[in-house]
1. Beyond 30 Å, what share of the Cα-Cα pairs of the chain remains, rounded to the nearest whole percent?
2. Using a basic spin-label model with each label point 7 Å from the Cα along Cα→Cβ, how many nm lie between Leu252 and Thr87?
3. Would you mind calculating the gained length between Glu176 and Arg273 on full extension (0.36 nm times residue separation, minus the Cα-Cα distance), in nm to one decimal?
4. With each pseudo-label sitting 7 Å past Cα toward Cβ, what's the Leu201-Met58 distance in nm, one decimal?
5. Given springs between every Cα pair under 10 Å in a Gaussian network model of the chain, which of Thr262, Thr47, Thr270 has the largest fluctuation?
6. For a Förster distance of 25 Å, can you work out the FRET efficiency between the beta-carbons of Phe239 and Glu217, rounded to the nearest 0.05?
7. If r is the Cβ-Cβ distance from Leu94 to Asp44 and R0 is 22 Å, what FRET efficiency results, to the nearest 0.05?
8. Over what distance in Å are the Cα centres of region 154-195 and region 88-131 separated?
Amino acid sequence: MRKILNLTAMLVLTGMLNGCANLMSSVTSGLAEDLADTILNSNDVDTVREGIPAYLLMIDSFLRSSPNNPELLMAASNLNSAFTIFTNEERGRLLSQKSLDYSLRAACARNKTLCDLNEAEFEVYKQRVDAITNKDVDIAYSLAVAWTGWMQAHSNDWNAIAQLGKVKYLMAHCIELDETISDGGPHLYMGGLETVLPASLGGNPEKGRAHFERSIEISQGQFLMAKVVFAEQYAKLVFDKQMHDRLLNEVLAADPVSEGRTLTNTVAQTRARELLAESDDYF
């Protein structure tokens, strides 16, 4: 299974910080929002990486007194998922499991019809997903993201990979509800999910390409990670070096400073340099 975990972690990092700001605003007023904005607009990735464990401990402490708060559970899920990008494979599996557990609890706390959603037989599952409305799109998207990260972290387990259909169905419903959430995040994830496998093995690269292009369109090209993932997931899959290098060079030529995107854009440029350095060897 081709890697989509970096995508999961970096998109979640953006949503996680906004979620933390929302859940703490009642406790610390504007402090949390200011902190989240400062991190999202930072280009100092090392400082952010070193600070995330403190956030983990803080949210776990909040959960002790409010174990069924859906916003708190969703933020805890997002934060654990985001931290996987900075850890080793073994710890990443533990964090992805914790993230998925929190997200499932958040969904159940917000909407009782979503309790144990992952265990539902597929036809029943589709009916329950179809019933999700706009008011719960944030919970649905958070669950789809956490589930994607968990699936990647357990990609050696075919029982995990077998859940791909459920994850894609949920992400597709998020697109129907609000395709613009997280700078077109649902489209970016669907692009990744459609290009996990080549067409000969059941993937749909061209459908994935359409999702990538729509994600870039939604953010007006300002969310640079979309082009990086497009290059890494699609261009490499179809062996298109010209597209691969063009997308990555566009990322490097862009100004990473963009409100709410600077941190992720900085990481995107680092990854773009790595991929370009490997390009001649791969193609």
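Rule-based calculations on the coordinates, nothing more; no lab input. The structure presented is a predicted model; accordingly, all values stated were derived computationally and were not measured. Here the Cβ positions follow ideal geometry from the backbone for every residue, glycine too, while neighbour counts run over all protein chains shown.
1. 25 percent
2. Each label point lies 7 Å from its Cα, and together they span 3.3 nm.
3. Contour length minus the Cα-Cα distance gives 31.5 nm.
4. If labels sit at Leu201 and Met58, their model points lie 4.1 nm apart.
5. Thr47
6. Once rounded, the FRET efficiency stands at 0.50.
7. Result of the calculation: an efficiency of 0.25.
8. First find each Cα centre; the distance between them is then 13 Å.
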